[in-house]
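*Asks:* Structure incoming, see below.
The values are calculated or read from the model by the stated rules, or taken from the named source; none is laboratory data. Not measured: the values here are computed from a predicted model. Don't worry about glycine lacking a Cβ; one is built from the backbone with ideal geometry, like all the others, and counts go over all protein chains shown.
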Amino acid sequence: MIAYETRIGKIHISEEYLTKLIGQAVTSCFGVVGMVPSGSRQKLFDLLSKKENLNKGIIIRGDADSISIELHIMVSYGMNINAIAQSIVHKVEYTVTESTGIKVDKVTVKVDGIKD
């Protein structure tokens, strides 16, 4: 959980909210098929759960001053991966900053699969 103080009061932002916000931003980008689970915990949860989770494949590090985000995605075959990655980076930075006010230091996009 990320918490910071404003002149009006204290704001708490849960990691679940951030991952869903980022997941929606990423999956709405052209050429992205879906998110790929990262780490053994997410892979196990993905096997047990049959529904599509927007928060899988997202790793967030940081605090209220700034965060860094690592994304694991699957893209459509024949798409320009560099263009997709740049689009994702810009959209995630904009969405997180506008919605939460938290500065995004770095967005790392890892393409873990290609789907026909």
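*Asks:* Can you spot a residue in segment 62-72 that is in a strand (DSSP E or B), at pLDDT 90 or above, within 21 Å of ILE114 (Cα to Cα) and of a type in the set (D, E, K, R)?
*Replies:* Within segment 62-72, one or more residues are in a strand (DSSP E or B), at pLDDT 90 or above, within 21 Å of ILE114 (Cα to Cα) and of a type in the set (D, E, K, R).
*Asks:* Name every residue in segment 65-90 that is within 20 Å of LEU18 (Cβ to Cβ), surrounded by fewer than 17 Cβ atoms within 10 Å (Cβ to Cβ) and touching a residue at least 12 places away in the same chain (Cβ under 8 Å), in order of residue number.
*Replies:* Within segment 65-90, ASP65, SER66, SER68, GLU70 meet the criteria.
*Asks:* Go through segment 91-109 and count every residue that is surrounded by 12 or more Cβ atoms within 10 Å (Cβ to Cβ), without any contact (Cβ under 8 Å) to a residue 60 or more places away in the chain and not hydroxyl-bearing (Ser, Thr, Tyr).
*Replies:* Of the residues in that region, 8 qualify.
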